[in-house]
Amino acid sequence: YQNAVQKLQMYLSVFPDAHQANFIYAASLLKLGRILDSIPILEKLDKSQPHDFRVLSLLGNAYIQNNQTEQGIQILHKVVELEPDIARSRLQLGAALLRDKSGLIVAQQELIKAIELDPELLQADLALYMSYMRNKDFLNAGKVALQLKQKQNKTTLGSNLLAISLFAASKKEEAIAELKNTLNFYPADPLTSNNLANVYLQNNELDEAKRLY
């Protein structure tokens with residue numbers, strides 16, 4: 001990205017209004033964490049081509065990263081209006097809305113829509129799961145984890161998230177059973193072993209925890 005920035009600076013010194021070059025330049029600056037440098041470029045691009053959802057998407061994320069949450073959410077709403085069937089746009093808006101508790105329900109709706117549009121978009125599942133867990137809605141968190149378990153059936157992530165939601169809902173025996181069942185299929189999985197060992201530690205079953213470690 002640093003190489004891209006250097007080469008684009010040279011190019012833009014000759015062709016300062018090149019839209020695509022400015023877009024890639026701003027995107028590269030964002031990748032380098034130079035948010036304050038990228039925002040003016042994106043704002044200028046938005047004024048010249050106000051319906052370019054790619055520019056709006058980057059600008060919205062730049063605002064969010066710069067703690068201009070309200071402006072970022074407004075921009076990301078525009079992105080979703082322009083391209084309602086792009087799952088990542090829904091994910092970006094949902095993740096931004098989660099920063100504001102008053103926007104929790106709308107955020108969850110956006111994340112659900114993102115999952116419907118792209119069932120393989122793991123970040124949307126995880127964001128939705130965490131939003132339910134933070135709100136102590138363990139039932140819906142468990143449903144998301146179960147769906148993830150079915151979709152990601154070659155990993156233990158969904159099973160572990162399901163166990164965590166069960167444990168948080170004070171269903172210890174069910175959580176332990178879920179983790180033990182997962183270890184039957186993946187006996188060397190460190191995530192499952194560690195989570196089960198933590199349960200044993202909390203129950204003061206030190207020998208069982210030590211065996212797993």
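The values are calculated or read from the model by the stated rules, or taken from the named source; none is laboratory data. Remember, predicted model here, so these are calculated numbers, not experimental data. Reconstructed Cβ throughout: ideal geometry from the backbone, glycine too, with neighbour counts over all protein chains shown. Just so you know, the surface numbers come from the protein's heavy atoms only, side chains and all, with ligands and any DNA or RNA stripped out. Shrake-Rupley method; radii C 1.70, N 1.55, O 1.52, S 1.80 Å.
Between Leu126 and Phe53, the contour length at 0.36 nm per residue exceeds the alpha carbon distance by 23.8 nm.
For the peptides 172-183, 43-54, the ranking by mean Cβ contacts within 10 Å, running from highest to lowest, is 172-183, 43-54.
The stretch between Leu32 and Val14, if pulled fully straight at 0.36 nm per residue, gains 4.2 nm over its current Cα-Cα span. When each of the peptides 145-152, 185-192 is scored by the mean number of other C-beta atoms lying within 10 Å of its residues, the order from highest to lowest reads 145-152, 185-192. For region 41-174, a simple Cβ point-charge model (Lys and Arg +1, Asp and Glu -1, everything else neutral) yields a dipole of about 400 debye relative to the Cα centre.
Accessible area per residue for the chain, computed on protein heavy atoms with a 1.4 Å probe, is 57 Å². The label-point distance for Lys151 and Asn3, in a model that sets each label 7 Å from Cα toward Cβ, rounds to 3.5 nm.
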